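Remarks on the structure that follows.
The values are calculated or read from the model by the stated rules, or taken from the named source; none is laboratory data. A quick note: this is a predicted structure, and the numbers were derived from the prediction, not measured. In this analysis, Cβ positions are derived from the backbone assuming ideal geometry, glycine residues included, and neighbour counts consider all displayed protein chains. Keep in mind that these areas ignore ligands, DNA and RNA; they rest on the heavy atoms of the full protein, side chains included. Shrake-Rupley method; radii C 1.70, N 1.55, O 1.52, S 1.80 Å.
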Amino acid sequence: MKTKNKNGTAIERIWHFFASVRLSVVLLLTLAATSIIGTVIPQNADPAAYERKFGQPVYTVLESLNMFDMYHSWWFRLLLCVLIVNIIVCSIQRLKSTWRIIFPKTPAYQPERFRKSAGRVQWQAAGASAEALKKMFEPYMRKHFRNIKVENPPENQGIMIFGEKGRWTRLGVYAVHFSVLLLMLGGLIGSIFGFEGYVNIPAGETRQAFSLKNSNQTQKFGFAIRCDDFNVSHYPSGRPKEYRSDIAIIDNGKVAVTHKLRVNAPLTYKGITIFQSSYGKTPSGSFNVVFTDNEDGTRITKKAAIGETVDLPEGSGELIIRDYSNSFSLRGHNMGPSFLGMLKPESGQPRPLLLPVNHPSFDKMRGGQYQISVKDVEFIQYTGLQIARDPGVPVVYTGFIIMIAGCYVTFFMFHRKICIELQPEDNGARILVAGISQRNRTGTKNAVKRLAQKLDRMARQTGKIS
Amino acid sequence: MPNSAILISVITFIYGLALVFYIGCWIFKKELPGKLGTWTLIAAAAGNAAGFVLRWIESHQMGYGYVPLSNIYESLIFFALCVAGIYLFVEFKYKVRTIGVFASLFSFLAVAYASLPSVESNIEPLIPALQSNWLIAHVITCFIGYAAFAIACGISLLYLIKSAENNPASGVTDRIPDLDSLDDLTHQMITFGFLFLSIGIITGAIWANQAWGRYWGWDPKETWSLITWLIYATLLHARLMRGWTGKRIAILCCIGFAAVLFTYFGVNLLPGLHSYQ
Ligand code: HEM
């Protein structure tokens with residue numbers, strides 16, 4: 001990247017900074033080291049919990065460094081960006097110099113390099129002329145190698161046959177680096193256009209929207225999901241074996257798909273993937289609220305349901321049943337399934353009310369005229385579904401495939417050039433088999449040895465025939 | 001205790017015996033203990049494989065029927081088998097027995113640890129999230145990678161021992177191959193391990209995407225496997241820079257294996273989604 005203006009050297013210096021493998025070593029180690037932080041400090045937990053754990057001053061410092069969501073922090077993203085620039089610049093730089101090596105117009109073979117190469121094999125073949133051997137070896141070479149070149153070196157009467165294999169494998173490493181870029185790109189697409197959320201659907205009910213993860217917003221599917229049935233099967237030991245929801249996707253008022261949703265077998269509809277993730281119980285329909293007079297013990301029972309308002313006895317106010325929790329935690333004690341209500345007396349302040357299903361006398365300690373409890377609650381099972389949309393996944397999966405293929409090519413295949421030299425001798429010929437390669441010297445030596453054995457066998461046969 | 005677990009505790013002793021023979025071969029520089037070491041290790045690996053298959057059969061007999069790679073006990077058994085198998089291949093190909101000391105040591109430690117009473121060895125059915133073919137592919141490839149890294153670490157230790165020797169006359173390091181061969185062998189093991197670790201992380205990501213709807217969630221287990229992967233990627237690149245010679249590579253290789261061990265065991269001390277691996 002030569003620029004002719006006066007900033008040329010500065011740009012060149014920046015270019016070279018990003019083109020260095022030294023930088024990538026530093027970056028990869030820095031990424032490894034900083035990634036440890038997020039495994040030691042649990043991420044995305046409740047700020048209050050952090051404050052309790054670390055104390056106010058330390059908490060403030062850590063928070064300002066985004067330590068509680070570090071994988072999404074500006075500095076971690078900056079490291080990734082520098083890595084991307086590093087890979088791109090480095091690859092361009094390398095390709096500029098190796099392109100002509102990888103795709104030459106005419107491949108060059110230097111006889112001296114073969115004659116001095118490590119692992120070369122030489123032997124005498126009695127009774128076969130160099131010319132006869134050439135006639136036999138050349139087709140063999142043409143079949144198994146590419147870019148065959150046959151030469152008569154000027155310095156002697158010999159014949160040299162050159163060939164090569166696996167030139168393209170030099171591109172493997174670029175494939176690996178490209179795959180890293182694809183993974184990052186896929187991640188970026190997912191973080192911009194994707195979402196994650198969850199929804200609980202009681203058997204028999206339909207939902208149009210779900211709650212987004214890490215926020216209290218909801219989002220519409222654009223269609224509806226109905227849970228027709230939900231089943232859990234257990235092993236004899238009581239462990240869950242399978243949970244399964246029979247769901248129906250309702251689009252434009254019609255059932256578009258029905259599916260048996262199981263763990264590890266999600267359903268994708270219009271780009272939104274629906275996963276079986278959990279299950280639980282939720283109250284169905286109405287139940288009874290019991291008001292027990294604290295003085296004479298008389299009971300009045302009234303029907304109620306979530307979201308409804310119940311009049312207090314003798315018109316003394318009203319009770320709104322607002323919510324239900326499967327395991328309400330009160331100062332660290334699990335109260336089990338509980339309803340949450342709001343008590344609005346005729347006079348005085350409204351106050352929240354907790355009605356644990358399994359502890360009917362809990363409300364006694366509130367005092368007041370009535371002790372309130374719930375009974376006859378019927379539960380139905382709901383299925384817990386996870387909802388995700390990630391348009392980056394195809395890009396990431398493509399990156400996965402390219403990475404595996406690229407690593408395989410880079411590590412286990414290699415470019416090698418092979419040379420066979422035939423020297424006429426009094427009673428036959430002298431054969432030299434040699435190979436050179438940039439990467440895998442051991443592999444080349446083995447390949448040369450195998451080729452020499454093969455050629456030797458062929459030479460012996462002509463020796464016998466002629 | 002299932003029969004397979006009894007078999008595995010017997011195998012522990014055979015691995016221990018192989019270790020003794022390999023040490024004997026190194027110290028006394030005789031062929032016989034070396035040959036005994038090889039055959040004992042082959043016997044141990046065969047028994048180890050039989051234990052694995054037996055456990056598989058037992059899980060079917062109990063009506064659960066799963067590939068036994070679902071908890072720390074089963075993964076240790078498989079890890080020991082991978083180490084022994086890969087090492088025996090290297091020994092067969094390169095005729096070096098000194099590495100056998102480390103290979104039989106790692107296999108021995110793995111099964112010995114698995115046989116501790118504190119490690120649950122009962123056959124338990126799989127919870128739904130673990131019922132996935134991607135998970136099987138994930139565990140197998142990860143552990144082949146880990147095993148290759150274990151052997152690379154053993155070779156690197158030999159490298160460090162050999163290069164630290166300042167009195168070659170003592171003959172302690174006679175049996176260790178020359179430094180260049182060790183360096184080359186380490187590199188081969190690392191490329192092999194890196195490929196398998198990459199496939200392991202990728203299959204794990206695909207599994208996570210199927211089970212939870214995200215292929216990457218930065219949970220500690222995932223993050224530590226990425227850290228391990230980054231360390232070995234660093235190593236591969238450091239080799240390409242002049243100035244990073246065999247010794248520094250050998251040290252990086254040991255650090256990489258420490259990261260493997262932490263990914264394997266240490267992460268259980270941290271909070272996360274993965275139940276064991
Ligand atoms: C996560 C990121 C990366 C991965 C997984 C990765 C992977 C690899 C692999 C597997 C090799 C082959 C090593 C060998 O032959 O033994 C390689 C080589 C190489 N990498 Fe990377 N790499 C990454 C980042 C980078 C970066 C940021 C640079 C930027 C300078 C870089 C520069 C190189 C170079 C120059 C080579 C040697 C190519 C050759 O032999 O011609 N790599 N990389």
Next on the checklist: Can you confirm whether A:Gly163 is crowded, with 17+ Cβ neighbours inside 10 Å, away from the ligand (no atom under 16 Å from the Cβ), within 14 Å of chain B (Cβ to nearest Cβ) and not in a helix (DSSP H, G or I)?
Outcome noted: no
Next on the checklist: Can you go through A:Ile92, A:Ile87 and tell me which one is within 16 Å of the ligand (Cβ to nearest atom), buried (at least 16 other Cβ atoms within 10 Å of the Cβ) and more than 19 Å from A:Val448 (Cβ to Cβ)?
Outcome noted: A:Ile87
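Yes/no per residue for (1) open to solvent by 30 Å² or more (accessible area, probe 1.4 Å); (2) under 30 Å from A:Lys260 (Cα atoms); (3) part of a helix (DSSP H, G or I); (4) more than 16 Å from the ligand (Cβ to nearest atom):
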site	(1), (2), (3), (4)
A:Tyr397	yes, yes, yes, yes
A:Tyr408	yes, no, yes, no
A:Phe411	yes, no, yes, no
A:Ala429	no, no, no, yes
A:Gly443	no, no, yes, no
A:Val448	no, no, yes, yes
A:Leu451	no, no, yes, yes
Checklist outcome for this item: Taking region A:1-22 and keeping residues open to solvent by less than 60 Å² (accessible area, probe 1.4 Å) and at pLDDT below 55 leaves A:Thr3
Item to check | region A:183-196, residues that are within 12 Å of the ligand (Cβ to nearest atom) and more than 14 Å from B:Arg214 (Cα to Cα) | outcome: A:Met184
Checklist outcome for this item: Filtering region B:179-226 down to residues that are more than 27 Å from B:Ile161 (Cβ to Cβ), part of a helix (DSSP H, G or I) and either hydrophobic (A, V, I, L, M, F, W, C) or in contact with a strand residue (DSSP E or B) (Cβ under 7 Å, 6 or more places away or on another chain) (or both) yields B:Leu195, B:Ile199, B:Ile201, B:Ile202, B:Ala205, B:Ile206, B:Trp207, B:Ala208, B:Ala211, B:Trp212, B:Trp224, B:Leu226
Checklist entry - Applying the selection to region A:372-404, what residues are more than 11 Å from chain B (Cβ to nearest Cβ), under 30 Å from A:Pro337 (Cβ atoms) and of a type outside the set (Lys, Arg)? => result A:Ile372, A:Ser373, A:Val374, A:Asp376, A:Val377, A:Glu378, A:Phe379, A:Ile380, A:Gln381, A:Tyr382, A:Thr383, A:Gly384
Checklist entry - Can B:Leu230 be described as closer than 27 Å to A:Asn440 by Cα, within 12 Å of another protein chain (Cβ to nearest Cβ) and over 19 Å from the mean Cα position of the chain (by Cα)? => result no
Next on the checklist: Please go through region A:299-317 and give me each residue that is aliphatic (A, V, I, L, M), more than 18 Å from A:Lys364 (Cβ to Cβ) and open to solvent by 60 Å² or more (accessible area, probe 1.4 Å), ordered by number.
Outcome noted: A:Ile306
Next on the checklist: Condition first: of a type in the set (Val, Ile, Thr) and either more than 14 Å from every other protein chain (Cβ to nearest Cβ) or within 16 Å of the ligand (Cβ to nearest atom) (or both). Now tell me which residues in region A:16-61 satisfy that.
Outcome noted: A:Val21, A:Val25, A:Val26, A:Thr30, A:Thr34, A:Val58, A:Thr60, A:Val61
Checklist entry - When A:Lys143 is evaluated against the numbered criteria (1) surrounded by 13 or more Cβ atoms within 10 Å (Cβ to Cβ); (2) more than 16 Å from the ligand (Cβ to nearest atom), which criterion, by number, is the only one it fails? => result (1)
Item to check | Any hit, region A:126-145, residues being of a type in the set (Phe, Trp, Tyr), in contact (Cβ under 8 Å) with a residue 40 or more places away in the chain, outside any loop (DSSP other than H, G, I, E, B) and within 30 Å of A:Asn214 (Cβ to Cβ) | outcome: no
Item to check | Where a residue in region B:81-96 is more than 16 Å from B:Pro177 (Cβ to Cβ) and assigned by TED's automatic domain parsing to the domain that holds B:Trp26 and its partner, wherever it lies, is open to solvent by less than 20 Å² (accessible area, probe 1.4 Å) and of a type in the set (S, T, N, Q), with Cβ under 6 Å and at least six apart | outcome: B:Leu81/B:Asn48; B:Val83/B:Ser107; B:Ala84/B:Ser107
Checklist entry - So A:Ile201 fits all but one of (1) within 14 Å of chain B (Cβ to nearest Cβ); (2) over 27 Å from the mean Cα position of the chain (by Cα); (3) assigned to a strand (DSSP E or B); what number is the exception? => result (1)
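Yes/no per residue for (1) away from every other protein chain (no Cβ under 14 Å); (2) modelled with pLDDT of 80 or more; (3) more than 23 Å from the chain's Cα centre (by Cα):
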{"residue": "B:Gln131", "(1), (2), (3)": "no, yes, yes"}
{"residue": "B:Ile136", "(1), (2), (3)": "no, yes, no"}
{"residue": "B:Phe149", "(1), (2), (3)": "yes, yes, no"}
{"residue": "B:Ile155", "(1), (2), (3)": "yes, yes, no"}
{"residue": "B:Pro168", "(1), (2), (3)": "yes, no, yes"}
Item to check | The one condition in (1) more than 22 Å from A:Asp363 (Cβ to Cβ); (2) exposed (fewer than 15 other Cβ atoms within 10 Å of the Cβ) that A:Gln276 fails to fulfil | outcome: (2)
Item to check | Set A:Ile418, A:Ile401: member being more than 16 Å from the ligand (Cβ to nearest atom) and modelled with pLDDT of 90 or more | outcome: A:Ile418
Checklist outcome for this item: A:Phe230 fails exactly one of (1) buried (at least 17 other Cβ atoms within 10 Å of the Cβ); (2) over 22 Å from A:Phe379 (Cα atoms); (3) among the aromatic types (Phe, Trp, Tyr), namely (2)
